[in-house]
Amino acid sequence: MAIVSPSGGAAGAYPRRFDRALAALREAGLVGKPMRNARLNRSLTSATPRERVADLHEAFADPEVKGIICAVGGRLSSQLLGLLDYSLIAHNPKVFCGYSDATALHVAIHTMCGLVTFYGPALMPDWGEWPMPRPETVTHFLRVVGRGVPSGPTPRFPVLVDEFVSWDSAEDRLRRVDPGPAQVALRQGHATGTLLVGCLPVLRELAGTPWQPRFAGRILVLETPQLPYNMEQATSDLWHLRNMGVFEEIEALAIGRPYSRDQAAALRAAVLEVVAPYSFPVLAELPCGHSSPILTLPLGIVATISGDELVVRQNAVIGTEREHGS
């Protein structure tokens, strides 16, 4: 698995966590291969836009690399969209996984190349968890990307780990594990469509650009980032999507668990208000994105929402079993 840092420079700022995450990948039978600029940390980003793009191009072009994992989120992966060689990417399909700011890359690659990408665990937040990644996260990732069969119903993680522990803390310790909120149908119904998954404010940033995705026929999965992002911003972003006509086109909507449990009620209220004129089903508290444990959701794959359940109906990779390797 190639490791890239398409936005933030946390890999350079927190080398112990980066190395622990690489060890966790090895434990799972995957070999992490950091690209040449992945460990840099320059001001707002890991490296210059051209250096970050060079890492992505090298990773996609390398026939020995079977997948690519983003080291961390951050901001400004949108700087790369106009520099990417989409023909190179389209002719070298492989697993691309990450979340948060990687939404810009997911949507651009999916829209421009028609490839399936995977909105799922990033290297440092998830694989670098102390002393090891959440088993639920690893199991679902390997289930989705490791076998050429439909992954079926998304698991309902009974726990939630949202305690903040600084990555630069000299005292590594387990984070507190709490009971996880149950998935809930905010509006009942049954619908089938192709998955489109992303971080709400990043998806909004793509509006009006050449990389704006197609929303017709989609099951749209939206999740929100960590503080200081707040529910006033989320409400504004949701209304922006409504004013674009997005909710007139989709088949169903799912909302991820908010990063802070204090935001859950306000997020539900904002969602119900913005979708009031429409009749599609709405699912809430999906454990994706800025949540731990975290699902791996494939963009571009047919899925169904029925009541409080999300089911992935198609295989997301070719093959019948996972190959150990990079």
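Read-outs throughout are calculated quantities, based only on the coordinates presented, and are distinct from any laboratory measurement. From a predicted model like this one, the values you see are computed outputs, not experimental measurements. Cβ coordinates were reconstructed from backbone atoms using ideal geometry, including for glycine residues, and neighbour counts include every protein chain displayed.
Observations on the structure shown:
- Relative to the longest principal axis of the Cα atoms of the chain, the long axis of helix 103-113 lies at roughly 90 degrees.
- DSSP-loop GluC sites (Glu not before Pro) across the stretch 44-104, with at most 10 other Cβ within 10 angstrom: E64
- Amide H contacts of L286: I255, G256, R257, each under 5 Å away and 5 or more positions distant or on a separate chain (H built 1.01 Å from N in the peptide plane; Pro and chain starts excluded).
- Summarising the label geometry, the points placed 7 Å from Cα in the beta-carbon direction at Y278 and D62 lie 4.0 nm from one another.
- Percent antiparallel among DSSP beta bridges (both partners in the chain, rounded to 5): 45 percent
- Global form of the chain, assessed from the alpha-carbon gyration tensor, a/c cut-off 1.5: rounded
- Length-normalised contact order for the chain - Cα pairs under 8 Å, 6+ apart - percent: 22 percent
- Contour excess over end-to-end distance, with Cα ends at V165 and R26 and 0.36 nm allotted per residue: 47.6 nm
- The stretch 211-271 and the stretch 194-209 have their alpha-carbon centroids 9 Å apart.
- Entry note, the stretch 1-80: relative contact order of 49 percent, from Cα contacts under 8 Å with a spacing of 6+ residues.
- Of the residues L44, L30, L227, the one that moves most in a GNM of the chain with alpha-carbon contacts below 10 Å is L227.
- For the stretch 289-300, putting each phi into the Karplus relation 6.51 cos²θ - 1.76 cosθ + 1.60 with θ = phi - 60° gives couplings of x, 6, 8, 9, x, 10, 6, 10, 10, x, 6, x Hz, in residue order, rounded to whole numbers and with x for Gly and Pro.
- Using a simple spin-label model with pseudo-atoms 7 Å out from Cα toward Cβ, D172 and H91 lie 4.2 nm apart.
- Value of relative contact order over the stretch 175-236, rounded to a whole percent, pairs C-alpha under 8 Å and six or more apart: 38 percent
- 5 angstrom amide H check on L299, placed H, neighbours 5+ away: T117, F118, Y119
- Overall shape: rounded for the stretch 180-326, with the ratio a/c of the largest to smallest alpha carbon gyration tensor axis below 1.5.
- Springs join every pair of Cα atoms under 10 Å in this Gaussian network model of the chain, and among E249, E285, E129 the largest mean-square fluctuation is at E249.
- Oblate is the label for the stretch 5-110, because a/c, from the alpha-carbon gyration tensor with a ≥ b ≥ c as root eigenvalues, is 1.5 or above and a/b does not exceed b/c.
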